[in-house]
Amino acid sequence: MQWDCPACGGVHTGNLLKKAVKVVLEHNLGTCQPDIALLDEFNCTVAVIEVVVTHAPEQTALDYYKNNHIAVVSYKLKSDEDFNRLDAPILKPDSVDVCKNPKCSKCENYMSKKHLLIIDGNCWKCQAPMKVAALYEGNFSLSDIQLATQYGVLMKLHYSRTLGMKYVANTCRKCGAFIGDHYLFTDYVAVDSYNRQELDAGYYCHHCSSNSEDEDSEDFE
């Protein structure tokens, strides 16, 4: 099963139904009666599948599922082609209320995947070959800097007169010039001719700008 996750903005793949040992149609849960209920070995409902043809589930039903930790998988069927989706090798429901990512320790929202780019670029000042690190999300944490260093990137603390503050930036090993945040994206990330690789760098909370690690690059020396 594959689904777009509204909580983290990513795409998840997995078997949400692996705990289920029994399928019951129109199972009466008292407060609600889902189209399909999946029960575990203790006859507890672990997930429901709602096939929406005309009316979506009532809010009282959704609240019941949430309060009882029942996963909700929804299919919206509007045409014959939509019915064929139920037989696809990889099921792609319209919505699933489950996020597989961890929650932020600060604000309790689900975190998004964070990716670190390692770009084979050139120094803007002396044109020497230069490994450059960039993040699509958030600021560099200490673990991001350590990971970038393993791939040949030199990260140093610099003072920006433009911003009036210190921050960690990619630094040329030959001449010592550093790449400002703005030019990092316009002159490196956006240049398709540079070879690059994308690394898994943990998680990032776009709600409170926290990394999956409590350490921030401000602690870098």
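Quick note: the coordinates plus some simple rules give every number you see, no bench work behind them. These numbers come from a predicted model, not from an experiment. Virtual Cβ from ideal backbone geometry, glycine too; neighbours counted across all protein chains shown.
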Computed label-point distance, nm, for sites Lys92 and His69 using a 7 Å Cα→Cβ extension: 3.2 nm
What do you get for Rg/Rh over the range 112-219 if you use C-alpha atoms and the Kirkwood form of Rh? 0.94
Cβ-isolated cysteines (cut-off 4.7 Å), the chain: Cys5, Cys8, Cys32, Cys44, Cys99
At 7 Å along Cα-to-Cβ for each site, give me the label-to-label distance between Ala128 and Phe42 in nm. 6.3 nm
Note the listed values (i) -0.35, -0.81, -0.90; (ii) -0.46, -0.83, -0.89; (iii) -0.39, -0.77, -0.85, then indicate which one is log10 I(q)/I(0) by the Debye sum over Cα atoms at q = 0.08, 0.13, 0.14 Å⁻¹ calculated from this particular structure. (ii)
Under a crude label model (7 Å from the Cα following the beta-carbon direction), how far is Val11 from Asp192 in nanometres? 2.0 nm
Under-5 Å amide H pairs with Ala71, H placed in peptide plane, nonlocal only: Ala47, Val48
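Which loop trypsin sites (Lys or Arg not before Pro) in the range 89-165, with loop taken from DSSP, have no more than 16 other Cβ atoms within 10 angstrom of their Cβ? Mind dumping the intermediate values first?
Details: sites: Lys100, Lys103, Lys106, Lys113, Lys114, Lys125, Lys131, Lys156, Arg161; in loops: Lys100, Lys106, Lys125, Arg161.
Those that pass, being in a loop and sparsely packed, are Lys100, Lys106, Lys125, Arg161.
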